[in-house]
Amino acid sequence: MAPALVVGLGNPGTEYAGTRHNAGFMVVEALARRAGVRLRPGRGEFWYAVAGREDETLFLMVPVTYMNQSGTAVVQALEHFGLPVSALVVVVDDFALPLGTLRIRTGGTDGGHNGLASVIYHLASDQFVRLRCGIRREVMPPKELTAEFVLSRFDVAEGPVVEEMVGRAADAVQEIRRSGPERAMALYNSAPAAPAS
């Protein structure tokens with residue numbers, strides 16, 4: 001497997017930990033735990049960890065910019081690790097997808113996600129794999145409260161579905177590396193888990 005950079009988008013700081021907008025952070029942290037490594041400050045606006053070895057190296061990264069400036073950190077990390085855009089996998093939350101749903105895609109628009117928009121802008125390319133993690137509730141707040149919603153924490157009742165989604169997303173990243181995005185799409189682009197009662 002060729003080296004890859006997996007980026008989880010989110011906002012830094014304890015006040016944002018566990019919020020819906022930080023689903024990408026959660027997935028990268030899960031991958032780091034699986035590999036037995038810890039994220040540490042990098043030479044740029046990001047924290048990172050290295051898993052694997054030699055030509056199978058997996059770089060895990062979270063920006064310490066805020067979401068809207070994520071692209072700056074992604075460019076810095078790609079340059080630091082000497083990787084092309086094609087080696088990039090970006091994990092993000094998506095309030096258009098029901099909680100528990102995963103969607104893998106290669107290329108395409110930002111779908112209204114400010115973090116993805118920043119990444120595409122700073123790379124001047126949309127040719128990278130993105131993995132979206134659904135955070136939508138069955139009953140959503142009014143559109144004008146969307147920003148508050150994505151920055152809110154998951155409800156306790158949602159915890160089991162969130163935990164399963166994060167684990168499946170980590171599995172999906174590993175499948176993307178092992179078999180390619182098309183195979184991972186076939187396996188993981190699925191309906192959400194059953195909602196918590």
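The numbers here are math on the coordinates, done by the rules we state, and not lab data. Computed from a predicted structure; not experimentally measured. We place every Cβ from the backbone using ideal geometry, glycine too, and count neighbours over all the protein chains shown.
From the list GLU175, GLU148, GLU158, which one is part of a helix (DSSP H, G or I), on the phi < 0 side of the Ramachandran plot and exposed (fewer than 15 other Cβ atoms within 10 Å of the Cβ)?
GLU148
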Quick check: anything in segment 125-140 aromatic (Phe, Trp, Tyr), part of a helix (DSSP H, G or I) and over 25 Å from GLU163 (Cα atoms)?
-> no
So which residues in segment 77-93 are farther than 21 Å from PRO12 by Cα, surrounded by 16 or more Cβ atoms within 10 Å (Cβ to Cβ) and free of Cβ contacts under 8 Å to residues at least 60 places away in the same chain?
-> VAL85
Restricting attention to strands (runs of 3 or more DSSP E) lying wholly within segment 1-76, give those where 2 or more residues are of a type in the set (Gly, Ala, Ser) and either in contact with a helix residue (DSSP H, G or I) (Cβ under 9 Å, 6 or more places away or on another chain) or surrounded by fewer than 21 Cβ atoms within 10 Å (Cβ to Cβ) (or both).
-> 4-8, 46-51
The lone condition ALA96 fails out of (1) small (Gly, Ala, Ser); (2) on the phi < 0 side of the Ramachandran plot; (3) not in a strand (DSSP E or B) is (3)
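Every residue, every condition in (1) among the hydrophobic types (A, V, I, L, M, F, W, C); (2) under 20 Å from ALA172 (Cα atoms), yes or no:
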site	(1), (2)
PRO3	no, yes
LEU9	yes, yes
HIS21	no, yes
ALA30	yes, yes
ALA35	yes, yes
LEU39	yes, no
Of LEU145, LEU78, which residue is under 23 Å from GLY18 (Cα atoms) and not β-branched (Val, Ile, Thr)?
-> LEU145
